[in-house]
1. Just order 75-84, 119-128 by mean Cβ neighbour count inside 10 Å, highest at the front, would you?
2. If you plug each phi of the range 69-81 into the Karplus form 6.51 cos²θ - 1.76 cosθ + 1.60 with θ = phi - 60°, what whole-Hz ³J(HN,Hα) values come out, in order, with x for Gly and Pro?
Amino acid sequence: MSDTVPGPGTSEQATADKAGAPRRDAAAVILEGLGERREGARVEVQLPCTVFIGSHVHDGTLRDISAGGAMVHGVRGLLAGDLVRLRLARLTDHIFIAEVRGVSLLGVHLAIRAGAEQSLWQEKIRDLLPDGGPEGSR
């Protein structure tokens, strides 16, 4: 049996404990590895919205927003990389183009398209962000 491979009746954690390494929660390790990808703070909200996927229309709820995107709850069938159109119930004058960055149990994570689209997004949600805008939330 090798000294570097745990044998029967031992575990990797037991080996790490013997070496003096601190015990770590698996969820904490995953979160640490992911890190925070947003440039600005997330703000929790509960805002009705409409998501257009091709010719399909879905009502959803924005669960959080940031200067670069949002998380939508209540919309199914999306995959990372899909392009959608997003309309906020309180801002019916514009539909934002967004890319699905990921899907989790919490909802669909959207990134608003960079450039003029993102600038307009930041302008429209400014009053919802901390310190009045994306510059204050970085």
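1. Working: 75-84: 14.0, 119-128: 15.9.
For the peptides 75-84, 119-128, the packing ranking is 119-128, 75-84.
2. x, 7, 10, 10, 10, x, 10, 10, x, 9, 10, 3, x
We did not get these values from a lab; they are worked out from the coordinates using the rules stated. All figures in this text were calculated on a predicted structure; none of them were measured in a lab. Using ideal geometry, Cβ is built from the backbone for each residue, glycine included, and neighbour counts are taken over all protein chains shown.
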